[in-house]
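Below is one structure, written out as structure tokens; comments come after it.
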Amino acid sequence: MPNLTATQRSKNMKSIKSKDTTIELLLRKALWTRGYRYRKNYSSLPGTPDIALTKYRIAIFCDSEFFHGKDWEILKPRLIKGKNSEYWVQKITRNMERDDEVNKRLLFENWTVIRFWGADIEKKIEECVAVIEEVIFDIKRNTSYSQ
């Protein structure tokens, strides 16, 4: 990780988007081309899912590996050795807790929750779409759903 000044780091952090990220755009485009219509950044639901297939009650989150704590057992010790470690460990821990809370609230409201890591979306987009389509198939099969 490069050594940046406080100003450079601040500028870098400010440029990180929370909506319309590359991974969100990739997944949305793949779903749209297959004919799935959705709501983006659906604020009517807990956690504001990146993509909501309201017709099927599916909430999809596109999570970045760093901010959502992928491989936390590996990442956490690295953060502890770095600058401002207390802040980052606390922030990412809270993000992971919030993700769990959101999942539980959505499940309680009878929504299916799907979370994808950014790298999986970038490298395995077809597999991600296949997961979504399998969930849709299961929902159609297990309910008296009719189009």
Check: So what's the angle, to the nearest 10 degrees on a 0 to 90 scale, between helix 22-33 and the longest Cα principal axis of the chain?
Finding: 10 degrees
Note to self: Given the -39500 (n - 2.57) contribution per DSSP H run of 4+ residues, what per-residue ellipticity at 222 nm results for the chain, rounded to the nearest 500 deg cm²/dmol?
What the structure shows: -17000 deg cm²/dmol
Next item on the list: Report the FRET efficiency, 1/(1 + (r/R0)^6), for LEU25 and ARG94, where r is their Cβ-Cβ distance and R0 is 30 Å, rounded to 0.05.
Entry: 0.70
Notebook entry, point to check: Rank LYS104, LYS40, LYS70 by accessible area, highest first, at a 1.4 Å probe radius?
Noted result: LYS104, LYS40, LYS70
Notebook entry, point to check: Could you give the accessible area per residue of the range 14-147, probe 1.4 Å, as a whole number in Å²?
Noted result: 65 Å²
Next item on the list: Heads up, I need the accessible area for ASP71: 1.4 angstrom probe, whole protein in place, Å², nearest 10.
Entry: 80 Å²
Notebook entry, point to check: Taking amide hydrogens as modeled 1.01 Å from N in the peptide plane, which residues meet the under 5 Å criterion relative to GLU65, leaving out close sequence neighbours?
Noted result: GLY118, ALA119
Item checked: Residues with amide H under 5 Å from that of ARG115, placed H, sequence gap 5 or more -> PHE61
Checklist line | Residues with amide H under 5 Å from that of THR54, placed H, sequence gap 5 or more | finding: ARG39
Notebook entry, point to check: Once phi is turned into ³J(HN,Hα) by the Karplus curve 6.51 cos²θ - 1.76 cosθ + 1.60 with θ = phi - 60°, what whole-Hz value does each residue of the range 50-63 show in order, with x for glycine and proline?
Noted result: 5, 9, 10, 8, 5, 4, 10, 6, 10, 10, 10, 10, 10, 9
Notebook entry, point to check: Taking the Cα centre of the range 21-147 as the origin and placing charges on Cβ (Lys, Arg +1; Asp, Glu -1), which of SER64, ILE92, LEU25 is farthest toward the positive end of the dipole?
Noted result: LEU25
Next item on the list: Report relative contact order for the chain in percent, whole number only (criteria: Cα-Cα under 8 Å, sequence separation at least 6).
Entry: 24 percent
Note to self: In whole Hz and in residue order, list the ³J(HN,Hα) couplings for the range 135-141 that follow from phi through the Karplus curve 6.51 cos²θ - 1.76 cosθ + 1.60, θ = phi - 60°; x for Gly and Pro.
What the structure shows: 5, 4, 4, 4, 5, 5, 6
Check: Which one is right for this structure if mean projected area of the Cα convex hull in nm² is calculated from it: (i) 28.2; (ii) 10.1; (iii) 8.4?
Finding: (ii)
Checklist line | Protein accessible area in the chain, 1.4 Å probe - carbon and sulfur % | finding: 51 percent
Notebook entry, point to check: What list of ³J(HN,Hα) values in whole Hz, one per residue of the range 114-125 in order, does the Karplus curve 6.51 cos²θ - 1.76 cosθ + 1.60 (θ = phi - 60°) give from phi, with Gly and Pro shown as x?
Noted result: 10, 10, 10, 7, x, 5, 5, 5, 5, 9, 9, 4
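The values are calculated or read from the model by the stated rules, or taken from the named source; none is laboratory data. What you see is a predicted model; the values in this text were computed from it and never measured. Using ideal geometry, Cβ is built from the backbone for each residue, glycine included, and neighbour counts are taken over all protein chains shown. Surface areas here come from the heavy atoms of the whole protein model, side chains and all, with no ligands, DNA or RNA. Shrake-Rupley method; radii C 1.70, N 1.55, O 1.52, S 1.80 Å.
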